[in-house]
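What follows is a single structure, written as structure tokens, with notes after it.
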Amino acid sequence: MKFYAVRKGRKVGIFNTWQETKENVVNFSGAEYKSFNSMEAAQAYLNADKPVVDDYSDCDIIVYTDGGCRNNGVHKGGHVKKDDKAAWAYTIRCKDEACSIDGVGGERGATNNQMELTGLIEAIEMLIKKNWQNKKIRFCLDSKYVIENIDRLSTWKAAGWRNTSGLVANKDKWQKLEPLLQECTNKSFVWVKGHADSEGNNYVDRKLNEYMDDEM
């Protein structure tokens with residue numbers, strides 16, 4: 001099933017058919033739209049560039065996750081060294097309960113994308129541990145790598161975790177994440193711009209950098 005997200009058009013929103021979508025974008029100057037294989041990916045596209053605050057009007061829980069590294073691999077032509085620092089962090093914030101649960105950790109020699117994936121994995125595992133996986137959850141990430149590829153998981157899995165380039169990069173992380181995502185029955189994803197106006201994203205970014213400074 002296809003989901004058509006219209007970000008700029010006569011009507012903005014997510015549509016189930018191309019016919020509906022076409023009526024809103026054809027001959028509309030500056031139309032922005034895209035098709036996706038999942039509702040989550042369509043919502044993330046629709047919400048891109050919107051300022052994100054802790055607004056619980058459409059969710060019970062907001063989760064911020066982040067990952068980062070300090071290595072040569074973040075520079076063009078560079079490579080990750082075995083002793084380079086890398087870390088992940090998350091914070092889970094609830095509407096109906098006075099709670100804020102944080103998680104942070106790290107490892108040497110990991111890439112930025114690996115830590116972004118690990119942060120999301122660790123957050124979902126905590127949600128399941130708390131039996132919150134069936135609540136309405138909004139995940140906020142600054143990693144387009146993670147959000148955009150979530151839409152490709154079913155295709156990768158069906159193809160034996162291969163894509164047009166060969167084996168999927170970070171296959172072990174994606175294989176661990178895929179069943180965890182299925183546990184969260186009412187979820188949405190929002191991309192937030194890193195180091196910008198999202199307090200929650202800035203918070204987890206600060207946590208992981210403090211971990212690399214003080215614990216590694």
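So for the stretch 111-131 (the condition being in a loop (DSSP other than H, G, I, E, B), more than 17 Å from the chain's Cα centre (by Cα) and modelled with pLDDT under 90), does at least one residue qualify? First the steps, then the outcome.
Let us first name the residues in the stretch 111-131 that are in a loop (DSSP other than H, G, I, E, B), namely 111, 130-131.
Those still in the list that are more than 17 Å from the chain's Cα centre (by Cα) too: 130-131.
Subset that is modelled with pLDDT under 90: none.
The answer is no, given that none of the residues of the stretch 111-131 is in a loop (DSSP other than H, G, I, E, B), more than 17 Å from the chain's Cα centre (by Cα) and modelled with pLDDT under 90.
Let's see how each residue does on (1) charged (D, E, K, R); (2) within 22 Å of MET1 (Cα to Cα):
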position	(1), (2)
GLU125	yes, no
LYS130	yes, no
CYS140	no, no
ALA158	no, yes
THR185	no, yes
SER188	no, yes
ARG206	yes, no
GLU215	yes, no
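Got a number for residues in the stretch 148-179 being in a loop (DSSP other than H, G, I, E, B) and over 20 Å from ILE121 (Cα atoms)? Don't jump to the end; show me each part of the working.
So in the stretch 148-179, the residues in a loop (DSSP other than H, G, I, E, B) come out as 151-152, 159-161, 164-165, 168-170.
If we keep only those that are over 20 Å from ILE121 (Cα atoms) as well, we get 159-160, 164-165.
Count: 4.
Just one of LEU153, LEU208, LEU167 is farther than 21 Å from ALA41 by Cα and free of Cβ contacts under 8 Å to residues at least 40 places away in the same chain; which is it?
On the way: LEU153 fails: farther than 21 Å from ALA41 by Cα; LEU208 fails: free of Cβ contacts under 8 Å to residues at least 40 places away in the same chain.
Answer to the selection: LEU167.
Find the strands (runs of 3 or more DSSP E) located wholly in the stretch 1-106 whose residues include 2 or more that are at pLDDT 85 or above and under 17 Å from the mean Cα position of the chain (by Cα), and list them. Steps first, please.
Working: elements: 3-8, 13-15, 32-36, 61-70, 85-94.
Strands (runs of 3 or more DSSP E) meeting the threshold: 61-70, 85-94.
What are the residues in the stretch 190-204 that are hydrophobic (A, V, I, L, M, F, W, C), closer than 24 Å to ALA5 by Cβ and in a helix (DSSP H, G or I), if any? Please lay out each step first, then the result.
Let us first name the residues in the stretch 190-204 that are hydrophobic (A, V, I, L, M, F, W, C), namely 190-192, 196, 204.
Going one step further and asking which of them are closer than 24 Å to ALA5 by Cβ, we end up with 190-192, 196.
Residues satisfying the conditions do not exist here.
For the stretch 133-146, indicate whether the set of residues that are among the aromatic types (Phe, Trp, Tyr), outside the structural domain of SER38 (by the TED database), in a strand (DSSP E or B) and crowded, with 17+ Cβ neighbours inside 10 Å is non-empty. Let's see the steps before the verdict.
The first filter runs over the stretch 133-146 and keeps only residues among the aromatic types (Phe, Trp, Tyr), leaving 139, 145.
Of the ones still in play, those that are also outside the structural domain of SER38 (by the TED database) are 139, 145.
Add one more test, that the residue is in a strand (DSSP E or B), and what stays is 139.
Those left that are additionally crowded, with 17+ Cβ neighbours inside 10 Å: 139.
Yes: one or more hits.
The values are calculated or read from the model by the stated rules, or taken from the named source; none is laboratory data. Everything quoted here is computed from the prediction, not taken from an experiment. Cβ atoms come from the backbone with ideal geometry, glycine included; neighbour counts cover every protein chain shown.
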